[in-house]
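Q: Handing you a structure now.
The numbers here are math on the coordinates, done by the rules we state, and not lab data. What you see is a predicted model, and the numbers here were worked out from it, not measured in a lab. All Cβ positions, glycine included, derive from the backbone under ideal geometry; neighbour counts span all protein chains shown.
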Amino acid sequence: MGLTMREQEPKRHHTVGQFYLERFTDSTGLLYVLDLNSGKITTQTPLNTMVRKHFYKVDACPSGMDPNWFEKLCGRDVEPRANECIRKLIEDPSSMNPEEWGFMLYYLQLQRTKVPRQISSMRASLLTRFDALSTELSPEDRPAANALREDLAGENFKFWLQRAVGLTMVKAFSQMDWEIATAPSGSSFITTDNPVNLCGPLGESGVGYAGTNVFFPLSSSKLLLLRNPEFKNGSVTAETILPEAGFRTQMRYFPDIRYTPRRVRATNMLMSVAAERFIVANGPVALEEVREQHNRPSKGPVE
């Protein structure tokens, strides 16, 4: 079967997968969306949420290479497998095999590094460090350094970032305890345009710190929380830098964590702080709570 025209030339690229956003819709299939720029809450479909035109199209693509290879890979291969892994995490983590655990590790780091907020912040951080170090380079080294800087500043940096930090994240995630929390009736988890949130002793922290927690809402009723066991049992402080460990294919998971409404609200606040612009939920209540905490005045009723 040949590719359809839409598969051949996808223009609207989801920075957060449509399949994932569908887990946060209301009974009619709509998302409630808070725009942090305007403070407004609107309703829309997952199809039209967290989309950017040609965002993952490869610039200066080599001859014979599909410039939309990444978007097609996500839609055709990555997202269907991730959808099944998330379903199993929600319904029965014991049914996951080592290959599925390994794929979930890959998906978490991919979703973390592919969103615009992480791409722009990592680029800015690396360019600042690069410019500080480049003042000490010899004239002979400057041409190569300038070429490298162009790569860091270019649009294809987003693909370099995944290769640069992906393996470190996968190893760190595999060493953590995986806690699957349930929201009580009447409460719900939000998610954002930066859905894999690393929160630790320095705010949004790196995976090297023992106190770094990884928040990933699985649905409006379920949350995946990754925590380092060394910090949980009190053997190290939050600021301790953990040595890089190996890769595990069988996770330590705890599927029956029950949250109170207060803890759900606290988790939602942590998620909202890490958002770039958009926060979604299955109803307006959780978004109104977040908006109030952000000290953003109401812009009127839901549209």
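Q: All but one of (1) of a type outside the set (D, E, K, R); (2) farther than 30 Å from PHE254 by Cα; (3) touching a helix residue (DSSP H, G or I) at 6+ places or on another chain (Cβ under 8 Å); (4) surrounded by fewer than 14 Cβ atoms within 10 Å (Cβ to Cβ) hold for ASN146, so report the exception by its number.
A: Here ASN146 meets the rest and fails (3).
Q: Has region 153-173 got any residue that is within 23 Å of ARG258 (Cα to Cα) and either surrounded by 17 or more Cβ atoms within 10 Å (Cβ to Cβ) or free of Cβ contacts under 8 Å to residues at least 40 places away in the same chain (or both)?
A: To start, the set of residues in region 153-173 that are within 23 Å of ARG258 (Cα to Cα) comprises 173.
Add one more test, that the residue is either surrounded by 17 or more Cβ atoms within 10 Å (Cβ to Cβ) or free of Cβ contacts under 8 Å to residues at least 40 places away in the same chain (or both), and what stays is 173.
Yes: region 153-173 contains one or more residues that are within 23 Å of ARG258 (Cα to Cα) and either surrounded by 17 or more Cβ atoms within 10 Å (Cβ to Cβ) or free of Cβ contacts under 8 Å to residues at least 40 places away in the same chain (or both).
Q: Regarding region 67-90, can at least one residue be identified that is touching a residue at least 24 places away in the same chain (Cβ under 8 Å), outside any helix (DSSP H, G or I) and surrounded by 14 or more Cβ atoms within 10 Å (Cβ to Cβ)?
A: Yes.
Q: Please specify each residue of region 153-170 satisfying the condition of being farther than 22 Å from GLY102 by Cα and of a type in the set (A, V, I, L, M).
A: To start, the set of residues in region 153-170 that are farther than 22 Å from GLY102 by Cα comprises 153-158.
Result: ALA153, single match.
Q: Among the residues of region 91-122, which ones are more than 21 Å from GLU71 (Cα to Cα) and outside any helix (DSSP H, G or I)?
A: Residues satisfying the conditions are ASP92, MET96, ASN97.
Q: Failed condition for VAL236, given (1) without any contact (Cβ under 8 Å) to a residue 40 or more places away in the chain; (2) in contact with a strand residue (DSSP E or B) (Cβ under 8 Å, 6 or more places away or on another chain), with all others met?
A: (2)
Q: Please tell me if LEU133 is of a type outside the set (Ser, Thr, Tyr), surrounded by fewer than 18 Cβ atoms within 10 Å (Cβ to Cβ) and over 29 Å from PHE55 (Cα atoms). Steps first, answer last, please.
A: Working: of a type outside the set (Ser, Thr, Tyr): yes; surrounded by fewer than 18 Cβ atoms within 10 Å (Cβ to Cβ): yes; over 29 Å from PHE55 (Cα atoms): yes.
Yes, satisfied.
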